[in-house]
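Undergrad: Before I ask anything, here is the structure I am working with.
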Amino acid sequence: MKSQYRRQVDVRGFSFALLLSALISLPAFAGSEVGDTAPELKPKGWFNMESGTTWQDLEGKLILIEKWATW
């Protein structure tokens, strides 16, 4: 009887945690849809480039954008 109660508590706890994590992650998916125009990128700095370089100066050139996060 006690193990059955513990199993119910575990399933309920897992279900609650799953629902909570889904609700927390919803804002990350809001705001953009397939086909939307990408937001304008405003770099803080350039590597191997003069300061003051604009996107218009780089038109027609290959640009590598490295994006990462520590979450």
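Undergrad: Using the number of other C-beta atoms within 10 angstrom as an exposure proxy, rank Ser21, Ser51 with the fewest first.
TA: Ser51, Ser21
Undergrad: Would you kindly state how much longer the chain becomes between Phe14 and Ala38 on full extension, computed as 0.36 nm times their sequence separation minus their alpha carbon distance, in nm to one decimal?
TA: That works out to 5.0 nm of additional length.
Read-outs throughout are calculated quantities, based only on the coordinates presented, and are distinct from any laboratory measurement. Just so it is clear, the model here is predicted, and its values are computed rather than measured. Virtual Cβ from ideal backbone geometry, glycine too; neighbours counted across all protein chains shown.
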